[in-house]
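Only one structure is covered here, and it is reproduced in the block below.
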Amino acid sequence: MISSLLLDGIAAMGCGLGAGLATIGAGLGIGKIGGNAMDAIARQPEASSTIMTNMILTAAFVEGVALFAVVACAFLIK
C-alpha cells in the first residue's frame, strides 16, 4: 500500500504544478493582450485611450484569475 507520506508528497507536487501552470498561462495571456492592443493602436491611433483602458481591465481580470488559481493550489496543500 502507498504510504500517507508519499501521497502527501504527490499532492504537494500536483499543487505546485497547478500553480506554476496558472502563472505561465497568465503570463502568456497578458503578453498576448498587450501585443494585440499595440497592434490595434498602431492601426487606429485615435482610439488608443479606449484600447488601453480595455487592455488594462482585461489584464487585471486575467491576473485576478491567476491569483485565485495560485491561492486555491496553496490552500490544497495540507
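The values are calculated or read from the model by the stated rules, or taken from the named source; none is laboratory data. Treat the numbers as computed from the prediction; the structure is a model and nothing was measured. Ideal geometry is used to build each Cβ from the backbone, glycine not excepted, and the neighbour counts take in all protein chains shown.
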**Request:** Return the pairs, sorted by first residue and then second, in which the second residue is at pLDDT below 90 and outside any helix (DSSP H, G or I), the first residue lies in the range 1-29 and is within 23 Å of G64 (Cα to Cα), the beta carbons are less than 9 Å apart, and the residues are 6+ apart or on different chains.
**Result:** A12/I77; A12/K78; C15/I77; G16/I77
**Message:** Given (1) out of contact with any Ser or Thr (no Cβ under 6 Å at 6 or more places or on another chain); (2) in a helix (DSSP H, G or I); (3) among the aliphatic types (A, V, I, L, M), identify the lone condition not met by I2.
**Reply:** (2)
**Enumeration of residues in the range 42-70 that are under 30 Å from G14 (Cα atoms) and either in contact with a Leu (Cβ under 8 Å, 6 or more places away or on another chain) or of a type in the set (A, V, I, L, M, F, W, C) (or both)** = A59, A60, F61, V62, V65, A66, L67, F68, A69, V70
**Prompt:** Yes or no: D8 of a type in the set (D, E), at negative phi, surrounded by 12 or more Cβ atoms within 10 Å (Cβ to Cβ) and more than 11 Å from the chain's Cα centre (by Cα)?
**Reply:** yes
**Message:** Which pairs turn up if I take residues in the range 40-63 that are on the phi < 0 side of the Ramachandran plot and look for partners that are outside any helix (DSSP H, G or I) with beta carbon separation below 8 Å, at least 6 apart in sequence or on another chain?
**Reply:** I51/Q44
